Amino acid sequence: MKFENLHIVGTSHIAIQSIDEVKVVIQRYNPKIIALELDIARLKSLLSHEETRLKFKDIKRFGIRGFLFNIIGAYIEKKLGKLVGIKPGTEMRTAIEIAKEKKLKVALIDQDISITLKNLTCRLTTKEKIRFISDIIKGFFSKNKLKIDLSKVPSKDFIRKITLQVKKRYPSIYKTLIEDRDLYMAKALYKIMNLNNEDNVVAIVGAGHVDGIISNIKKIKHEN
């Protein structure tokens, strides 16, 4: 998606299609800077040759619920990645490799993961936790299995539908993992766009963040 000098690539972190799109967009727009949906901790983990494992001392950093949520999320993403033969985050690593090769700047635009998970720990309600467990159990025994092609980025309609369901059933999770981070990344990108207003900027983020980021950038621009 394009807005002024910003070109956003909405990805799935385990989709082969996302890797190809990252290469194509960077080649097409020849940016001076590539912005990534990462913070410094996740960048180090992504570039590490060893598998990063959470330790019990991380409970203090993330909070107990955030710690457990991170473990569950990483496990699911890893298992899905194995199904398609792609290591989660390969599209981000691809962008970093291209940036290094072309001597481009890289900007990390996402909120510190420890802040995100601590906020989740504080906000997650008992009702949402019960719903979460219930939905997982129902998913295991449901006959109506959702069929999607993991090698491709889901359609915009599918993403919007899932996002609305998350907002309705898990408002705390939606606010913490989507809404807050959309705004955080939009503010970071707005600054980058203005500092590089004569050059193209390519941002690589999860597909579920694209609409929210663009909407927030437009609001910020209007207010300024």
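Structure values in brief
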quantity	calculated
Matching entry among 217, 178 (being out of contact with any Gly (no Cβ under 8 Å at 6 or more places or on another chain), among the aliphatic types (A, V, I, L, M) and not in a loop (DSSP other than H, G, I, E, B))	217
When residues of region 180-208 are limited to those that are under 15 Å from residue 164 (Cβ atoms) and at pLDDT below 95, the one surrounded by the most Cβ atoms within 10 Å (Cβ to Cβ)	207
Candidate set: region 157-168, residues that are modelled with pLDDT of 85 or more and of a type outside the set (Val, Ile, Thr); chosen: the one farthest from residue 16 (Cα to Cα)	168
Check on residue 118, part of a helix (DSSP H, G or I), over 22 Å from residue 17 (Cβ atoms), under 22 Å from the mean Cα position of the chain (by Cα) and at pLDDT 90 or above	no
All positions within region 1-44 that are of a type in the set (Val, Ile, Thr), at pLDDT 95 or above, assigned to a helix (DSSP H, G or I) and within 16 Å of residue 153 (Cβ to Cβ)	22, 24, 25
Those residues of region 123-141 which are more than 30 Å from residue 91 (Cβ to Cβ) and at pLDDT below 85, in sequence order	129, 133, 134, 137, 138, 141
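The values are calculated or read from the model by the stated rules, or taken from the named source; none is laboratory data. All values reported here derive from a predicted model rather than from experimental measurement. Positions of Cβ are generated from backbone atoms using ideal geometry, with glycine treated the same way; all protein chains shown enter the neighbour counts.
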